[in-house]
Amino acid sequence: MLRKRKLGRQGLEVSELGLGCMGMSHAYGTPDDAESATTIERAIELGVTFFDTAEAYGPFTNEELLGRALKPHRDKVVIATKFGFVLDGRSRSGVDSRPVHIREVVDASLRRLQTDRIDLVYQHRVDPSVPMEDVAGTVRDLIAEGKVLYFGLSEAGAGNIRRAHAVQPVSALQSEYSLWERGLDDAILPVIRELGIGLVPFSPLGRGFLSGQAKRAEDYPATDFRSWGDPRFQGTNFDANMAVADAVHELAAARGATAAQVALAWLLQRGDDIVPIPGTKRRGYLEDNVAAAKLKLTASEIATLDTIADRTGVVGQRYNPHDLEMLDR
């Protein structure tokens, strides 16, 4: 069974690995609700207590899926969801963190999730038109009302993290972070550790690169985000980035482990304040990922992994220009 970790200083306790649920309904090909529901059940059996969703995933359908699947287990699990996008059909046309909108989203998420409280609510992206103090103050009020238990931010920069935390303590920052994506190391990790904020890395397997499942952008269906939304999968970028994946595979083979397990073990050993949320809708991948918690890398292996991205280089931005503009950096 998975051990527990604390996110932040406010008392939020979760399993050391969570389950990112976005790909069950959004961004990664055709949904399979039956298999996804079975995977969620298997995750609970394996000790996963932390499930991540958002109104934007689907949109809306991922929250509905989790609401159905987790209802029998509600008091045993931690549900994280997010507010902050303007949703136009199936696309995200902008950001909106006005207090009235935050309240509307939280109430709608509560209905879809079939619950009376959201354990952890994140601002999905920083809204530059709304003062962070107003965002944090609204969440503070929702916590006082019992609709939300803990506050998180997603892809926020150091300045906004500090501003939010001064109004309502932040328990977790969710951002992309992995062997492949180390953009938090210099400016963000020192700040959240100073403030006692946990880190929840999404895409800890590099959207499939670090697990060996990546394909070229053109080999994915148009319904898959990687076919158009991540330049790292495109053209010569893909060829260059395979060097990172190959290096992880080489080390994993020497340990008798999978590349995914090595990549997750590296993250888990970077600190007890880090809780990765690898995403999958398949039981086999879930079981492989959870087994990473038992893998202990040596100091020499960690040193080797620490330098992989520096030695090989990662080519291409991690989002298309539209999505890149929404990051608070």
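The values are calculated or read from the model by the stated rules, or taken from the named source; none is laboratory data. Computed from a predicted structure; not experimentally measured. Every residue, glycine among them, receives a Cβ derived from its backbone with ideal geometry; neighbour counts consider all protein chains shown.
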Residue count, the range 184-222 (criterion: in contact with a strand residue (DSSP E or B) (Cβ under 8 Å, 6 or more places away or on another chain) and not aliphatic (A, V, I, L, M)): 4
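Go through the range 29-40 and give me each residue that's within 15 Å of Arg68 (Cα to Cα) and either touching a Leu at 6+ places or on another chain (Cβ under 8 Å) or surrounded by 15 or more Cβ atoms within 10 Å (Cβ to Cβ) (or both).
Restricting attention to the range 29-40, the residues satisfying the condition of being within 15 Å of Arg68 (Cα to Cα) are 32-40.
Listed by number, the residues that qualify are Asp33, Ser36, Ala37, Thr38, Thr39, Ile40.
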Any idea which residue in the range 205-240 is nearest to the chain's Cα centre (by Cα), counting only those that are within 12 Å of Ala259 (Cα to Cα) and touching a residue at least 60 places away in the same chain (Cβ under 8 Å)? Leu205
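Name the helices (runs of 4 or more DSSP H) wholly inside the range 124-202 in which the number of residues that are among the hydroxyl-bearing types (Ser, Thr, Tyr) is 1 or more. Explain how you work it out, then say what you get.
On the way: elements: 132-145, 158-167, 189-195.
Helices (runs of 4 or more DSSP H) meeting the threshold: 132-145.
List the strands (runs of 3 or more DSSP E) inside the range 52-110, counting only whole elements, that have at least 1 residues being out of contact with any helix residue (DSSP H, G or I) (no Cβ under 6 Å at 6 or more places or on another chain) and at pLDDT below 95.
Details: elements: 78-83, 85-88, 91-95.
Of the strands (runs of 3 or more DSSP E) lying wholly inside the range 52-110, those with at least 1 residues that are out of contact with any helix residue (DSSP H, G or I) (no Cβ under 6 Å at 6 or more places or on another chain) and at pLDDT below 95 span 85-88, 91-95.
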Return the pair list, or none, for Cβ contacts closer than 9 Å from residues in the range 304-329 that are free of Cβ contacts under 8 Å to residues at least 40 places away in the same chain to residues that are among the charged types (D, E, K, R) and not in a loop (DSSP other than H, G, I, E, B), at least 6 apart or on different chains. His322/Arg92
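Say we look at the range 41-51 and pick out the residues that are in a loop (DSSP other than H, G, I, E, B) and touching a strand residue (DSSP E or B) at 6+ places or on another chain (Cβ under 8 Å); which of these is surrounded by the fewest Cβ atoms within 10 Å (Cβ to Cβ)? Quick ask: steps written out before the conclusion?
Within the range 41-51, the first condition is being in a loop (DSSP other than H, G, I, E, B), and the residues that meet it are 46-49.
Applying the additional criterion that residues be touching a strand residue (DSSP E or B) at 6+ places or on another chain (Cβ under 8 Å) yields 47-49.
Values: Gly47: 15, Val48: 25, Thr49: 21.
Residue satisfying both the conditions and the ranking: Gly47.
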For the range 226-272, the count of residues that are touching a Leu at 6+ places or on another chain (Cβ under 7 Å), small (Gly, Ala, Ser) and farther than 23 Å from Gly23 by Cα equals 1
Can you name every residue in the range 241-266 that is farther than 12 Å from Trp180 by Cβ, touching a residue at least 12 places away in the same chain (Cβ under 8 Å), in a helix (DSSP H, G or I) and not charged (D, E, K, R)? His249, Leu251, Ala260, Gln261, Val262, Leu264, Ala265
So, Leu179, is that one in contact (Cβ under 8 Å) with a residue 60 or more places away in the chain and touching a Ser or Thr at 6+ places or on another chain (Cβ under 6 Å) or not? no
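Mind listing whichever residues of the range 110-141 are among the aliphatic types (A, V, I, L, M) and under 25 Å from Ser93 (Cβ atoms)? Steps first, please.
The initial filter retains those residues of the range 110-141 that are among the aliphatic types (A, V, I, L, M), namely 110, 113, 118, 120-121, 126, 130, 132, 135-136, 139.
Selection gives Leu110, Leu113, Ile118, Val121, Val126, Val130, Met132, Val135, Ala136, Val139.
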Across the range 58-84, what is the number of residues that are buried (at least 24 other Cβ atoms within 10 Å of the Cβ) and among the small types (Gly, Ala, Ser)? 2
Within the range 212-236, can you find the residues that are surrounded by 14 or more Cβ atoms within 10 Å (Cβ to Cβ), charged (D, E, K, R), modelled with pLDDT of 90 or more and not in a loop (DSSP other than H, G, I, E, B)? Arg226, Arg232
Can you tell me how many residues in the range 1-28 are part of a loop (DSSP other than H, G, I, E, B), of a type outside the set (Asp, Glu) and either surrounded by 15 or more Cβ atoms within 10 Å (Cβ to Cβ) or touching a Cys at 6+ places or on another chain (Cβ under 6 Å) (or both)? 9
